[in-house]
Amino acid sequence: MLRRWRTLLLCFVVGFVPAARADEGVVFVRDAEIEAYVHALAAPIYRAADIDPQSVTIALIQSNEINAFVAEGLNEFFYTGLLEKTKTPEDLAGIIAHETGHIAGGHLIRGKEEMKNASAEAIFATLLAVAAGAVSGNTNLALGGIAGGAQVAERSFLSFSRAQEASADSAALRFLDTAGISAKGMEAFLKQLAGQELLPQDRRDAYVRTHPLTQDRIDVVRRHVEASPIRDKKMAAPFYKMHERMKAKLLGFLHPQVALLRTTDQDPDPSRRYARAIALYKTGKADRALRLIDGLIKEEPDNPFFYELKGQVSFDNGRMDEALRAYEKAVKLLPSSALLQQALGHVLLESADKAHEKDRVDKALVSLIEAARLEPHEPMTWRFLASAWGRKAAWAVDNDYQALATYALAEEAAAQGNAKTAGRLASRAMEGLRRGSPYWLRAQDLKLVSDRMGKESE
């Protein structure tokens, strides 16, 4: 579900980052289900652009603003306001294709240099922190502010030129054709925003402010759609269900009172009941939420995200055994999810009382080590690993465990972009780790990176 972040997982170069007060920061979202959907939708588009889908990082920004942007490397950011605005998977595919067009067009290099020249270190440092990894909180619907809350202001150098927009549109249409996805969604989304150009600058949506929208752009896309042999082609049915579930989840977590007004406990639409269950949980009605979730699980017993939600609600209401069973089922159904593995490891640690400590800490280590393998730059996973190895050190004869706990803290610091602390902790960990072991070698790498960065800063 959505979790609190103090740092992030990607970085951008060009695009608009919404203005925020210094005490607010920028809010990022992590969610296993939404991320899985966006990656699945984007994968054929990335392949059409000759980009390995596994090399692209996707991050979500929690904001009512409608915007999306790309960053140095292969990183794409999407605002939740934009996700909520889309009506179909084709709409979102068109946006992804357009942003991928900016990557393919090399529009990032100039943006990075301009950010540097404009002394926007605070913005760029924040975005670089995303590349380092995310610090998640206890809940699965990870919402939170970046530590320090650096002010992020809109600047002209974060906007695309009209020529770049036309270039990205042209590339997007090629990518969509190659991927076999109709560009109708791209046309529909542009038409939704068409009236914005007539509004004063400060009243336009962020997407229009940073992606200049002209009638020429809309006409080019319209003509392409009219001539396309796949203009009326629909995406596979599962994408429509995933899109509905994404919007239901965002509605329930971000607008719970609205969700409660729009839905009922007896709603025949599972997606609407999903939104309602989340909204009930967010408004302190855990028992009613769990009854709805159990009904959803009965209808879709192989849906890992329903079990994930049940685990979250149970965990946050102190029902540890119930939470543990739910997360175990979620991981069994989707073992490739780093976030689900991390959540299971966390619950195992939190429920490891004296009667179950050794067994549950050992099981937690299995899940957390797998989570770190799947997503090695997620700081909270390393924090939980440090806790698990530290607890194991208290009863184990092998002294490596305390060194492993220190090593995990070094990885956490590295994932947060704190190379100096990572190097110091890695050096200490190496003293207790077996020389030449995988973790010793990794600690050595962290120390070398820290030493090199220290010399470069002198």
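Things to note:
- Filtered by the rule that a residue be more than 19 Å from Leu190 (Cα to Cα), in contact (Cβ under 8 Å) with a residue 40 or more places away in the chain and either aromatic (Phe, Trp, Tyr) or part of a helix (DSSP H, G or I) (or both), the range 218-242 gives Phe239, Tyr240, Met242.
- Taken over the range 54-107, the criterion of being in a helix (DSSP H, G or I), small (Gly, Ala, Ser) and over 19 Å from Asp169 (Cβ atoms) is satisfied by Ser55, Gly81.
- Sole residue being closer than 18 Å to Ala32 by Cβ and basic (Lys, Arg), chosen from Arg383, Arg373, Arg391, Arg360: Arg373
- Remark: pairs (first residue in the range 162-178, surrounded by fewer than 22 Cβ atoms within 10 Å (Cβ to Cβ); second residue charged (D, E, K, R); Cβ separation under 7 Å; 6+ apart in sequence or on different chains) = Ala166/Arg217.
- Within the range 408-458, being in contact with a Gly (Cβ under 8 Å, 6 or more places away or on another chain), in contact (Cβ under 8 Å) with a residue 60 or more places away in the chain and not in a loop (DSSP other than H, G, I, E, B) holds for one residue alone: Ala415.
- Residues of the range 182-203 satisfying the condition of being modelled with pLDDT under 75, surrounded by 12 or more Cβ atoms within 10 Å (Cβ to Cβ) and of a type in the set (S, T, N, Q): Gln196
The values are calculated or read from the model by the stated rules, or taken from the named source; none is laboratory data. Since we're looking at a predicted model, the values are computed, not measured. Ideal geometry is used to build each Cβ from the backbone, glycine not excepted, and the neighbour counts take in all protein chains shown.
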